[in-house]
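Quick one: the structure is below, questions incoming.
The values are calculated or read from the model by the stated rules, or taken from the named source; none is laboratory data. These numbers come from a predicted model, not from an experiment. We place every Cβ from the backbone using ideal geometry, glycine too, and count neighbours over all the protein chains shown.
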Amino acid sequence: MMKTTIWLVAIPDEACVMERLDLRTLMNRALKIEQRLKKKVDEEAEQRRYQILCDRIEYLGNQISISETIESVSLGTDYLDLLLRIQKQYPEECLSARLLANFCPAHLLEKQIEAFESLTKRAGIGEQKEVRDKTGFYRRAIKSGCHVLELPEFISDEEEAGDLVAGDLHQKFLSLPMNDQITTSNNANAFIALRNQIKAVIAQVEKGIPAAVNVSDIAHNVITEILHEFVYKSGKPMYLPVVYGDGSKARPFPIHCLKPRKDNAIKALSVYPLLNVGMMSGRHHELDDLIKFYFYRNQEISTGKTAAETDETAYRKAKEIFPVIHREGIFRIAFYQTGFQPVVMGFYRALTEELIKREKLPPQLELIPQYYFGDYYENGKTWA
Amino acid sequence: MPTSEEVLDGLEIFKKHVKEYGDNFRKRNKLPKNYDFRPYRWCSRDIVFSLLVVRHNRRGNYLEVDVCLIANPPQYVENSGARVALGFLLSEAYKCGGTMEIVFSKNVEGGRVPAYICDLAIDMGVKLKYVFEGHITPLEARLLYLGLAGFSEKAKNKIMKMAVDGLISPERVCFLMMGGVWSLPEAESIILGTGHPERTLQSMSEPEDRHLFLNDLMVSSTAILGGALDRKLLRVELTDNGKIIESEDYESPLSIEFDPVFFAKIYRSDTELIIPWINENHLLSSGMQMVVMVRARSDSEVQKYFLKDLDGLKKLIAKYRKDQTTMIFYLIPRDYEDVPQSVKEKIQEQLDGEGVYLMIAPESMASLNKEAIHRLETGRRTRQ
């Protein structure tokens with residue numbers, strides 16, 4: 001079986017330059033890219049640059065460690081499994097502690113090893129040999145003022161995987177929750193069909209059967225109205241799994257999570273002017289005269305990614321904008337929708353979460369969707 | 001079996017769909033959506049296996065089949081038409097993001113599951129519950145997909161284990177293979193030859209998770225290197241009017257197995273095959289087997305890890321070479337050519353001493369890694 005071993009290598013400052021390459025410069029550049037990657041801007045290009053830099057760091061590390069008397073230690077073939085365990089339990093902390101990075105400049109050693117120790121302790125693996133070896137190595141590197149590289153080695157460890165007990169396994173596999181029924185009616189209109197689809201998914205999810213709502217190719221007004229219905233419907237709050245026609249799986253959508261506002265509370269808002277906001281720029285130019293601004297810039301959203309990634313981008317962007325709106329006071333928005341299902345989903349997911357946050361407060365945000373029907377726009381149900 | 005009348009009616013409906021498709025999409029240079037009817041003709045050279053017309057039904061979130069005509073050409077394996085048709089229907093159902101339910105319209109043998117598909121299901125031991133209603137349920141689809149993919153028992157058990165552990169759905173594994181991201185032997189190498197195949201198959205590691213990403217990249221590159229040898233051995237060149245042509249459906253009768261302990265491939269053939277990429281002329285004859293240890297190594301890695309690989313080869317020899325009918329090979333990319341001559345001579349000497357043939361693929365590490373990144377990227381965008 002192919003396995004990865006990680007070798008820790010301590011590189012003294014004076015040994016950092018070789019073949020006109022300076023390890024410190026490469027590490028600094030890679031660190032800057034790590035910062036930029038957190039902003040999720042031009043991610044693919046940044047990832048490509050990061051990969052090139054990491055390749056060079058590893059190449060240089062290997063060259064230096066061959067030619068100099070360099071201290072190194074192997075963390076064995078189980079170290080990667082430990083990292084996976086930590087990553088599964090604490091994904092955010094794992095990222096900020098740079099647990100999976102292959103280099104650590106001298107000035108970050110202290111901070112990084114403390115984060116590592118804290119995470120391994122929390123994960124209950126603080127006493128593992130690999131953890132102690134790594135901690136000890138980093139501590140020695142701190143004392144000697146070295147930089148640390150974590151270089152991979154791919155080996156085949158000729159280990160036989162444990163035999164799977166087939167009979168028992170087949171039984172378990174066949175008893176996995178799975179839908180074994182058929183759809184009986186398909187003559188409903190689009191509204192009823194999506195409602196039925198969501199009801200069926202809720203029923204299956206409650207039974208533990210994997211299922212998800214597929215909103216691709218469904219008109220954006222239908223999605224918005226039916227989502228409104230389920231968001232404001234009483235029931236057990238839950239997250240509705242969502243997939244798209246390209247097969248990508250989006251962040252689930254919260255439903256049964258809001259109570260309709262009382263009429264007088266909404267009426268009180270009506271003294272404020274209605275602000276016309278378009279959903280996305282560059283899609284319906286006839287809207288340009290009618291609206292004050294667009295919520296999303298087409299350039300930022302239509303990036304040719306999967307539908308779920310587009311949904312996520314729209315969601316994150318909206319999550320950034322709503323707190324700003326909240327700080328600025330009361331808003332009544334006529335939201336002119338421009339289609340594109342993933343953006344509709346991302347937007348309304350963020351809006352629902354924002355409204356959940358504001359549930360205990362008097363209504364300060366009212367959003368009325370506007371749907372284009374040929375020559376006129378029609379109001380959707382109000383979100384507040 | 002369908003009556004002549006049903007077949008003729010089906011052909012008429014197929015023609016109608018082809019015309020509509022031409023008018024609505026080809027002539028307008030437009031691409032159809034998942035929810036548009038799309039006609040497909042599955043053939044090899046001048047032999048038609050199946051005619052299909054499908055669309056994703058938005059209302060019911062299932063795959064709707066309006067035409068399903070299946071042939072059983074006698075010169076191919078039994079039920080080959082049904083295999084082709086069902087393989088496509090299952091992959092399309094998965095790709096469209098629906099529930100995996102497949103529904104046959106009244107135009108298909110009066111609205112039942114086609115008889116050839118029922119036969120195939122019986123062969124695979126899958127009982128279809130709604131044959132005369134014309135439905136295949138999501139659970140039945142799962143079992144059919146897994147049966148049709150053709151994985152070895154060992155790999156199938158591992159796929160089931162991963163599904164039971166909630167790591168990856170069997171549909172996704174099957175789609176990655178049937179959809180052409182990985183060939184069957186490549187997928188088996190990944191599934192059986194690594195500790196966390198679900199991570200590689202789902203491309204779960206981002207480049208900034210350097211250790212995990214490199215591990216996936218290495219596993220993928222090695223699987224692709226093995227796949228390159230599979231293709232080379234399977235390829236048969238036919239001559240037509242003195243010109244060499246490649247036949248898309250004629251391959252060498254080769255059996256390919258995988259030994260996960262050594263990450264080695266075992267080939268047996270019923271006819272004589274020229275063994276490629278070695279210095280001497282050797283044939284793989286009937287009754288013989290070749291065992292190939294696959295290692296995707298750069299020139300510096302070959303120098304660094306050769307002694308470890310040699311240890312592995314010695315164990316491999318002890319396991320497989322009981323007599324002269326087994327030949328052992330060490331497969332590496334052409335980066336080997338950049339290894340210093342003196343080192344190459346030493347390596348050759350040691351391999352000769354063990355009776356192992358050095359096999360140098362025309363692929364370089366750079367091209368293998370490029371292909372691996374491409375496949376990982378495709379795998380990531382495949383439905384979850």
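Could you say whether any residue in the stretch B:108-118 is in contact with a His (Cβ under 8 Å, 6 or more places away or on another chain) and either farther than 15 Å from B:Ala85 by Cβ or in the same structural domain as B:Val65 (by TED's automatic domain parsing) (or both)? Step through it out loud before you land on a result.
Narrowing the stretch B:108-118 to residues in contact with a His (Cβ under 8 Å, 6 or more places away or on another chain): B:113.
If we keep only those that are either farther than 15 Å from B:Ala85 by Cβ or in the same structural domain as B:Val65 (by TED's automatic domain parsing) (or both) as well, we get B:113.
For the stretch B:108-118, residues in contact with a His (Cβ under 8 Å, 6 or more places away or on another chain) and either farther than 15 Å from B:Ala85 by Cβ or in the same structural domain as B:Val65 (by TED's automatic domain parsing) (or both): present.
What tally of residues in the stretch B:310-319 results from selecting those that are surrounded by fewer than 22 Cβ atoms within 10 Å (Cβ to Cβ), more than 8 Å from chain A (Cβ to nearest Cβ) and closer than 19 Å to B:Thr222 by Cβ?
2
Does B:Cys68 qualify as being among the hydrophobic types (A, V, I, L, M, F, W, C), more than 27 Å from B:Ser169 (Cβ to Cβ) and not in a helix (DSSP H, G or I)? Steps first, please.
Numbers: among the hydrophobic types (A, V, I, L, M, F, W, C): yes; more than 27 Å from B:Ser169 (Cβ to Cβ): no; not in a helix (DSSP H, G or I): yes.
In short, no.
Further question: Any chance you could count how many residues in the stretch A:341-363 are within 17 Å of A:Pro260 (Cα to Cα) and in contact (Cβ under 8 Å) with a residue 60 or more places away in the chain?
From the stretch A:341-363, those within 17 Å of A:Pro260 (Cα to Cα) are A:348-349, A:351-363; that's our starting set.
Applying the additional criterion that residues be in contact (Cβ under 8 Å) with a residue 60 or more places away in the chain yields A:348-349, A:352-353, A:355-356, A:359, A:362-363.
So the answer is 9.
Would it be correct to say that A:Leu82 is in a helix (DSSP H, G or I) and at pLDDT 90 or above?
Values: in a helix (DSSP H, G or I): yes; at pLDDT 90 or above: yes.
Considered against the rule, which asks whether it is in a helix (DSSP H, G or I) and at pLDDT 90 or above, A:Leu82 comes out as yes.
Any idea which residue in the stretch A:50-79 is surrounded by the most Cβ atoms within 10 Å (Cβ to Cβ), counting only those that are within 11 Å of chain B (Cβ to nearest Cβ) and not in a helix (DSSP H, G or I)? Please lay out each step first, then the result.
Residues of the stretch A:50-79 that are within 11 Å of chain B (Cβ to nearest Cβ), as a first pass: A:50-55, A:57-59, A:62-63, A:65-66, A:75, A:77-79.
If we keep only those that are not in a helix (DSSP H, G or I) too, we end up with A:75, A:77-78.
Working: A:Leu75: 21, A:Thr77: 19, A:Asp78: 14.
Per the stated criteria, the residue is A:Leu75.
Just to be sure, is B:Asn79 more than 14 Å from every other protein chain (Cβ to nearest Cβ), surrounded by fewer than 24 Cβ atoms within 10 Å (Cβ to Cβ) and within 22 Å of the chain's Cα centre (by Cα)?
Numbers: more than 14 Å from every other protein chain (Cβ to nearest Cβ): yes; surrounded by fewer than 24 Cβ atoms within 10 Å (Cβ to Cβ): yes; within 22 Å of the chain's Cα centre (by Cα): yes.
Spelling it out, B:Asn79 is indeed more than 14 Å from every other protein chain (Cβ to nearest Cβ), surrounded by fewer than 24 Cβ atoms within 10 Å (Cβ to Cβ) and within 22 Å of the chain's Cα centre (by Cα).
Would you pick out the residues in the stretch A:206-221 that are surrounded by fewer than 19 Cβ atoms within 10 Å (Cβ to Cβ) and of a type in the set (A, V, I, L, M)?
A:Ile209, A:Ala219
List the number of the failed condition for A:Ile198; all other conditions in (1) facing another protein chain (nearest Cβ under 9 Å); (2) modelled with pLDDT of 85 or more hold.
For A:Ile198, the exception is condition (1).
Right, something else. Could you tell me which residue of the stretch A:169-195 is nearest to the chain's Cα centre (by Cα), considering only residues that are of a type in the set (A, V, I, L, M) and more than 8 Å from chain B (Cβ to nearest Cβ)? Spell out the reasoning first.
Within the stretch A:169-195, the subset of a type in the set (A, V, I, L, M) is A:169, A:174, A:176, A:178, A:182, A:188, A:190, A:192-194.
Narrowing the set further to residues that are more than 8 Å from chain B (Cβ to nearest Cβ) leaves A:174, A:192, A:194.
Details: A:Leu174: 32, A:Ile192: 31, A:Leu194: 26 Å.
Filtering the stretch A:169-195 for residues that are of a type in the set (A, V, I, L, M) and more than 8 Å from chain B (Cβ to nearest Cβ), the one nearest to the chain's Cα centre (by Cα) comes out as A:Leu194.
Here's something else I'd like to know. Return a yes/no flag: does the stretch A:46-63 have any residue that is modelled with pLDDT of 90 or more and of a type in the set (Phe, Trp, Tyr).
Within the stretch A:46-63, one or more residues are modelled with pLDDT of 90 or more and of a type in the set (Phe, Trp, Tyr).
Go through the stretch B:11-35 and give me each residue that's within 14 Å of chain A (Cβ to nearest Cβ) and within 18 Å of B:Leu51 (Cβ to Cβ).
In the first step, residues of the stretch B:11-35 are kept if they are within 14 Å of chain A (Cβ to nearest Cβ); the result is B:31-35.
Across the stretch B:11-35, the qualifying residue is only B:Pro32.
Within the stretch A:124-159, which residues are free of Cβ contacts under 8 Å to residues at least 40 places away in the same chain and either more than 14 Å from A:Ala106 (Cβ to Cβ) or within 14 Å of chain B (Cβ to nearest Cβ) (or both)?
A:Gly124, A:Gly126, A:Glu127, A:Arg132, A:Thr135, A:Gly136
Then there's this: State which residue pairs qualify: first residue in contact (Cβ under 8 Å) with a residue 60 or more places away in the chain and inside the stretch B:27-42, second residue surrounded by 12 or more Cβ atoms within 10 Å (Cβ to Cβ) and acidic (Asp, Glu) in any location, beta carbons under 9 Å apart, and separation of 6 or more residues or different chains.
Listed pairs, sorted by first residue: B:Asn34/A:Asp217; B:Asn34/A:Asp246; B:Asn34/B:Glu92.
Please verify whether B:Leu51 is crowded, with 16+ Cβ neighbours inside 10 Å, in a helix (DSSP H, G or I) and in contact (Cβ under 8 Å) with a residue 24 or more places away in the chain, treating the condition exactly as stated.
Working: crowded, with 16+ Cβ neighbours inside 10 Å: yes; in a helix (DSSP H, G or I): no; in contact (Cβ under 8 Å) with a residue 24 or more places away in the chain: yes.
No.
Still on this structure, I have one more. Under 6 Å by Cβ, and 6 or more places apart or on different chains, what pairs join a residue from the stretch B:162-178 that is facing another protein chain (nearest Cβ under 8 Å) with one that is of a type in the set (D, E, K, R) and surrounded by fewer than 24 Cβ atoms within 10 Å (Cβ to Cβ)?
B:Val164/A:Lys172
Can you work out which of the residues in the stretch B:254-291 that are closer than 21 Å to A:Thr4 by Cα and aliphatic (A, V, I, L, M) is farthest from the chain's Cα centre (by Cα)? So that I can check it myself, show each step before the final result.
Going through the stretch B:254-291, the residues closer than 21 Å to A:Thr4 by Cα turn out to be B:258-265.
Keeping just the survivors that are aliphatic (A, V, I, L, M) gives B:261, B:264.
Values: B:Val261: 21, B:Ala264: 18 Å.
Step by step, filter the stretch B:254-291, then rank; the result is B:Val261.
Now, a different point. List the residue pairs whose Cβ atoms are under 7 Å apart, where the first residue sits in the stretch B:195-220 and is more than 7 Å from chain A (Cβ to nearest Cβ), the second is in a loop (DSSP other than H, G, I, E, B) and of a type in the set (Asp, Glu), and the two are 6 or more positions apart or on different chains.
Qualifying pairs under 7 Å: B:Phe213/B:Glu206.
Could you look through the stretch A:304-351, keep only residues that are among the β-branched types (Val, Ile, Thr) and assigned to a loop (DSSP other than H, G, I, E, B), and pick out the one that is farthest from A:Leu240 (Cα to Cα)? Talk me through it step by step, then tell me what you get.
Taking the stretch A:304-351 as the starting set, the residues that turn out to be among the β-branched types (Val, Ile, Thr) are A:306, A:310, A:313, A:321, A:324-325, A:330, A:333, A:338, A:343-344.
From the residues that got through so far, the ones that are assigned to a loop (DSSP other than H, G, I, E, B) too are A:306, A:330, A:338.
On the way: A:Thr306: 19, A:Ile330: 30, A:Thr338: 24 Å.
The extreme case among them is A:Ile330.
Rundown of residues vs (1) within 11 Å of chain A (Cβ to nearest Cβ); (2) part of a loop (DSSP other than H, G, I, E, B), yes/no style:
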residue: B:Arg112; (1), (2): no, yes
residue: B:Tyr130; (1), (2): yes, yes
residue: B:Glu140; (1), (2): yes, no
residue: B:Leu143; (1), (2): yes, no
residue: B:Ile159; (1), (2): yes, no
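Being within 14 Å of chain B (Cβ to nearest Cβ), modelled with pLDDT of 90 or more and touching a Lys or Arg at 6+ places or on another chain (Cβ under 7 Å) is the filter here, so list the residues in the stretch A:206-241 that pass it.
A:Ile226
If A:Leu99 satisfies all but one of (1) touching a residue at least 24 places away in the same chain (Cβ under 8 Å); (2) not in a helix (DSSP H, G or I), what's the number of the condition it fails?
Going through the list (1) touching a residue at least 24 places away in the same chain (Cβ under 8 Å); (2) not in a helix (DSSP H, G or I), A:Leu99 breaks only (1).
When the residues of the stretch B:246-277 are filtered to those that are more than 28 Å from B:Phe49 (Cβ to Cβ), touching a Leu at 6+ places or on another chain (Cβ under 7 Å) and among the hydrophobic types (A, V, I, L, M, F, W, C), which remaining residue is surrounded by the most Cβ atoms within 10 Å (Cβ to Cβ)?
Checked the stretch B:246-277; the qualifying residue surrounded by the most Cβ atoms within 10 Å (Cβ to Cβ) is B:Ala264.
Sticking with this structure for a sec: Among (1) at positive phi; (2) modelled with pLDDT under 90, where does B:Trp277 come up short?
Only one criterion in (1) at positive phi; (2) modelled with pLDDT under 90 is unmet by B:Trp277, namely (2).
Test of understanding: among B:Phe258, B:Phe262, which residue is in a loop (DSSP other than H, G, I, E, B) and either over 25 Å from B:Met365 (Cα atoms) or touching a helix residue (DSSP H, G or I) at 6+ places or on another chain (Cβ under 7 Å) (or both)? Steps first, please.
Numbers: B:Phe258 fails: in a loop (DSSP other than H, G, I, E, B).
Only one candidate qualifies: B:Phe262.
Kindly indicate the residue of the stretch B:320-343 that is more than 31 Å from the chain's Cα centre (by Cα) and either within 20 Å of B:Ser367 (Cβ to Cβ) or among the aliphatic types (A, V, I, L, M) (or both) and also surrounded by the most Cβ atoms within 10 Å (Cβ to Cβ) among those meeting that condition.
For the stretch B:320-343, the residue satisfying everything is B:Val339.
Quickly run through the stretch A:274-314 and pick out the residues that are farther than 17 Å from A:Pro342 by Cα and in contact with a Lys or Arg (Cβ under 7 Å, 6 or more places away or on another chain).
Within the stretch A:274-314, A:Leu274, A:Leu275, A:Asn276, A:Val277 meet the criteria.
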